[in-house]
Each structure stands twice: as structure tokens, then as C-alpha cells.
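To start, the structure under review is shown below, and the notes come after it.
Derivation of every value follows stated rules applied to the coordinates shown; laboratory data play no part. As the structure is a prediction and not an experimental result, all values here were calculated from the model. FYI the Cβ positions are ideal-geometry reconstructions off the backbone, even for glycines, and counts take in every protein chain you see.
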């Protein structure tokens, strides 16, 4: 993977893979993201963060290091239906927010849409942007049809 970093602007990774793939450890993920950004000359490093108090209940969040600053996304307590596809949903939401309004919007949309994804079965996210916006505004995780 390190060979691909020469042509990478934005890295989206997990807390486990920062050490496993890149061999980078630090006291906090803010430091890990900063080190990755500096070592590979990246515009942004987003790291998803999962706490697993039980198999069915997780706390889901993420952070991004961009332009010398750290931004933490919201954290959601999720009743897991299916975790498969959460990373893809995060990437889609993050890139949407990043491209439309910068790193803070990226981490907010990434966390919210991937949290919604984990509440339905299968690897596709069926939530809409409106549902994501409602969740970010303080609404619940119910998908409305």
C-alpha cells in the first residue's frame, strides 16, 4: 500500500490499519493521522473509530486531520444490524462533505451516513441525504420511507 501513497491525496483508514498497514503508532489517533499526513504528504487523513461494548451495540465516530487541524466527527451509539459496508458508506459520505464544504463536513457526513448504514442489512446504504441531514441535526436513526 505504501507505493500507492505517492498518488494519494486523501487517506481513509481504520484505527487497526494505521498500525497494521503503515506501522505507525502514537499515543492518540490525532498524532497517528498527523504523522501519516506528514510522511506521505497527504491533504487529509480520516480515521474511523469504533468502540464495541457488545457485539450488537457500538459507539461509532471518526476524526480527520487536514490542513494542520484535527476535527472530530459526531459519535453515535448504534444498535448494529450489519457492519458490512460501513467503511464504504463512510468513504462516500466523507468525500461528499469534503468536496462540497471541507474536512469538517466530510467527517460529519461520513460518520452519520455510515452510522445509518449499520442499522440495515446488506452492504449497501439505503439512507438518503435528507435522513443523514436529519440525524446530524439531532434526529434519530430511524430511516423514513
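Considering every residue within segment 102-113, establish whether at least one is over 12 Å from the mean Cα position of the chain (by Cα), surrounded by 17 or more Cβ atoms within 10 Å (Cβ to Cβ) and either free of Cβ contacts under 8 Å to residues at least 60 places away in the same chain or closer than 25 Å to residue 34 by Cβ (or both). No, every residue in segment 102-113 fails to be over 12 Å from the mean Cα position of the chain (by Cα), surrounded by 17 or more Cβ atoms within 10 Å (Cβ to Cβ) and either free of Cβ contacts under 8 Å to residues at least 60 places away in the same chain or closer than 25 Å to residue 34 by Cβ (or both).
Conditions (1) closer than 25 Å to residue 1 by Cβ; (2) in contact (Cβ under 8 Å) with a residue 24 or more places away in the chain; (3) surrounded by fewer than 19 Cβ atoms within 10 Å (Cβ to Cβ), marked per residue:
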{"position": "40", "(1), (2), (3)": "yes, yes, yes"}
{"position": "43", "(1), (2), (3)": "yes, yes, yes"}
{"position": "46", "(1), (2), (3)": "yes, yes, no"}
{"position": "50", "(1), (2), (3)": "yes, yes, yes"}
{"position": "53", "(1), (2), (3)": "no, no, yes"}
{"position": "66", "(1), (2), (3)": "yes, yes, no"}
{"position": "70", "(1), (2), (3)": "yes, yes, yes"}
{"position": "78", "(1), (2), (3)": "no, yes, no"}
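Just one of (1) closer than 17 Å to residue 13 by Cα; (2) in contact with a helix residue (DSSP H, G or I) (Cβ under 8 Å, 6 or more places away or on another chain); (3) without any contact (Cβ under 8 Å) to a residue 40 or more places away in the chain fails for residue 117. It is (1).
Kindly indicate the residue of segment 69-111 that is assigned to a loop (DSSP other than H, G, I, E, B) and touching a strand residue (DSSP E or B) at 6+ places or on another chain (Cβ under 9 Å) and also farthest from residue 10 (Cα to Cα) among those meeting that condition. Residue satisfying both the conditions and the ranking: 80.
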